[in-house]
Number of protein chains: 2
Amino acid sequence: MLHLNRPKKRDNSTDSRTAILNAAVVSFGERGYYGTSLQKIANTVGMTKAGVLHHVGSKEGLLDIVLDEVYDPCTETIINNFRMTDRPNVARMWREVVAINAKRPEQVHMFSTLDAEAIDPKHPAHEYFRKRDQNLLEEMLQIPWYVPGSTNIGALLQAGFSMMDGIQLRWLRAPERDLNQMWAECEAELMPMPMWEGYR
Amino acid sequence: MLHLNRPKKRDNSTDSRTAILNAAVVSFGERGYYGTSLQKIANTVGMTKAGVLHHVGSKEGLLDIVLDEVYDPCTETIINNFRMTDRPNVARMWREVVAINAKRPEQVHMFSTLDAEAIDPKHPAHEYFRKRDQNLLEEMLQIPWYVPGSTNIGALLQAGFSMMDGIQLRWLRAPERDLNQMWAECEAELMPMPMWEGYR
DNA sequence: GTCTATAGTCCGATAGAC
DNA sequence: GTCTATCGGACTATAGAC
């Protein structure tokens, strides 16, 4: 292929990198951080351990990269979409989050597994998940949600996001089901209809 | 010691065994199945790997024993308590579950970590968690819960147990908080008060 | 950027002495 | 029932050739 004078786009490099990150998402989801080995990831992407380490530095480096570069951006987009809406609608926000997650089961799988593993303060992603939880709630509380007058918005947000974590676990365990539908049933219970008429 | 004709109470044995199981609960919680090593458990209980293996047979054997012998009995007790009640009250049932879990954080920690890890069909506890989910819902649906007329009881149970999984994760990440109180806020959202007056 | 080779550690499990 | 010793294998990471 050397006769092609295409400017050596460095595609090999970025391709390898994203291949590694994709394989890492799957492995962190299926086996967690401790159960993941660079050897397996290397096999998946057709490299050696040393080749993988060249790109990510270390196993912890791989974890950091995957969380910062792959998982984070999606969630931030959602929040920013709602920051400038007038009459911001909690139910719709949750539906949008669910719709996005329904299309990225591997990432949700990774999130769920690492989230539980990282309860332990010694886990390398413990701080990441702690701060993420905290920041999410703080940012959500600053939005002037349009809700029934009696609503305790803090409690509602905590309850709703907790329910979403749980329903996503159940969905991942039975992937033939439709996450959007499962959440629709949850929504109907969390924000029942006579009371939430006109608010969702 | 052969001169003692005490009936060889085998207390050393049961002590070692329960010590091993307790250490396993903690380790499976903090590091998951893959992250747990028999060596560490042996160190914790003051034995060698070989000594531990004598009691549990294999690492998978240890996992099975812990789930069947330590975790399961608690949950079964709760369900049976409610099977014979008249006017069974869902809200009270959930409060009792939460009250029990609030007093056994290590076991809840183990449950949460293994539950997420076991999403993967290749995990040694995958079938255990799949069947547990299924059985729990089936048994709960057979109970004639006393609820407002409009309630979709299947959806309510799914939503409630999902919310409980999520809130327990948050509690474990911030253990200074009170799980019972956290759940009380969730209950108020899931079964809001004008509608659930007299039902909880 | 990817490789081979290697260092050094830890793993689960077994055999057999006491 | 607990130990020592040991097997065979997997792991992260580094050094250095190409």
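The values are calculated or read from the model by the stated rules, or taken from the named source; none is laboratory data. For clarity, every value in this text was computed on a predicted model and none was experimentally measured. FYI the Cβ positions are ideal-geometry reconstructions off the backbone, even for glycines, and counts take in every protein chain you see.
Tally time: how many residues in segment A:36-61 are of a type in the set (Gly, Ala, Ser) and within 10 Å of DNA strand C (Cβ to nearest atom)? Summing the residues that are of a type in the set (Gly, Ala, Ser) and within 10 Å of DNA strand C (Cβ to nearest atom) in segment A:36-61 gives 4.
Table: residues versus (1) buried (at least 18 other Cβ atoms within 10 Å of the Cβ); (2) over 20 Å from A:His109 (Cβ atoms); (3) modelled with pLDDT of 95 or more.
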{"position": "A:Asn12", "(1), (2), (3)": "no, yes, no"}
{"position": "A:Ser16", "(1), (2), (3)": "no, yes, yes"}
{"position": "A:Asn22", "(1), (2), (3)": "no, no, yes"}
{"position": "A:Arg31", "(1), (2), (3)": "yes, no, yes"}
{"position": "A:Tyr34", "(1), (2), (3)": "yes, no, yes"}
{"position": "A:Ala42", "(1), (2), (3)": "yes, yes, yes"}
{"position": "A:Val52", "(1), (2), (3)": "yes, yes, yes"}
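When restricted to residues that are farther than 21 Å from A:Tyr34 by Cβ and either in contact with a helix residue (DSSP H, G or I) (Cβ under 6 Å, 6 or more places away or on another chain) or facing chain B (nearest Cβ under 10 Å) (or both), segment A:121-136 contains 2. Look at segment B:2-29: where a residue is closer than 15 Å to B:Leu53 by Cβ and a partner is at pLDDT below 95, sitting 6+ places away or on another chain with Cβ atoms under 6 Å, you get B:Leu21/B:Val70.
Applying a threshold of 7 Å to beta carbon distances and a minimum spacing of six or more residues, or different chains, the list of pairs starting in segment A:109-120 at a residue that is under 16 Å from A:Met164 (Cβ atoms) and at the interface with chain B (Cβ under 7 Å from one of its Cβ atoms) and ending at one that is assigned to a helix (DSSP H, G or I) and of a type in the set (Val, Ile, Thr) reads A:Ala116/B:Thr113.
Considered as a group, the residues in segment A:43-80 that are over 23 Å from A:Ser112 (Cα atoms) and not in a helix (DSSP H, G or I) include one that is farthest from DNA strand D (Cβ to nearest atom), and that residue is A:Gly46. Scanning segment A:152-159 for residues that are under 18 Å from B:Ala116 (Cα atoms) and facing another protein chain (nearest Cβ under 8 Å) turns up nothing.
Residue count for segment A:156-200, restricted to those that are part of a helix (DSSP H, G or I) and either at positive phi or hydroxyl-bearing (Ser, Thr, Tyr) (or both): 1. Of everything in segment B:161-198 that is more than 8 Å from chain A (Cβ to nearest Cβ) and closer than 23 Å to B:Glu138 by Cα, the residue that is surrounded by the most Cβ atoms within 10 Å (Cβ to Cβ) is B:Gln168. Of the residues in segment A:81-96, none is hydrophobic (A, V, I, L, M, F, W, C), under 27 Å from A:Pro124 (Cβ atoms) and in a helix (DSSP H, G or I).
The requirement of being closer than 25 Å to A:Asp133 by Cβ and assigned to a helix (DSSP H, G or I) is not satisfied by B:Leu137.
Step by step: first the residues of segment A:14-42, then only those that are within 14 Å of chain B (Cβ to nearest Cβ) and small (Gly, Ala, Ser), then the one that is farthest from A:Ile119 (Cα to Cα). Which residue is that? In this case the residue turns out to be A:Ser37.
With respect to (1) within 16 Å of DNA strand D (Cβ to nearest atom); (2) farther than 18 Å from A:Ala125 by Cβ; (3) among the basic types (Lys, Arg), the lone exception for A:Arg31 is condition (2).
Quick one: would you say B:Asn101 is among the polar types (S, T, N, Q), more than 16 Å from DNA strand C (Cβ to nearest atom) and at pLDDT below 95? So B:Asn101 fails the test.
Is it the case, given these coordinates, that B:Ala99 is touching a residue at least 60 places away in the same chain (Cβ under 8 Å), assigned to a helix (DSSP H, G or I), exposed (fewer than 15 other Cβ atoms within 10 Å of the Cβ) and not aromatic (Phe, Trp, Tyr)? Taking the combined requirement at face value, the residue satisfies it. All conditions but one from (1) away from chain B (no Cβ under 14 Å); (2) within 14 Å of DNA strand C (Cβ to nearest atom); (3) aromatic (Phe, Trp, Tyr) apply to A:Phe82; the one that does not is (2).
Taking first residues from segment B:42-63 that are under 13 Å from B:Pro124 (Cβ atoms) and partners that are of a type in the set (Val, Ile, Thr) and more than 9 Å from DNA strand D (Cβ to nearest atom), the Cβ contacts under 7 Å between residues at least 6 apart in sequence or on separate chains come to B:Leu62/B:Val56.
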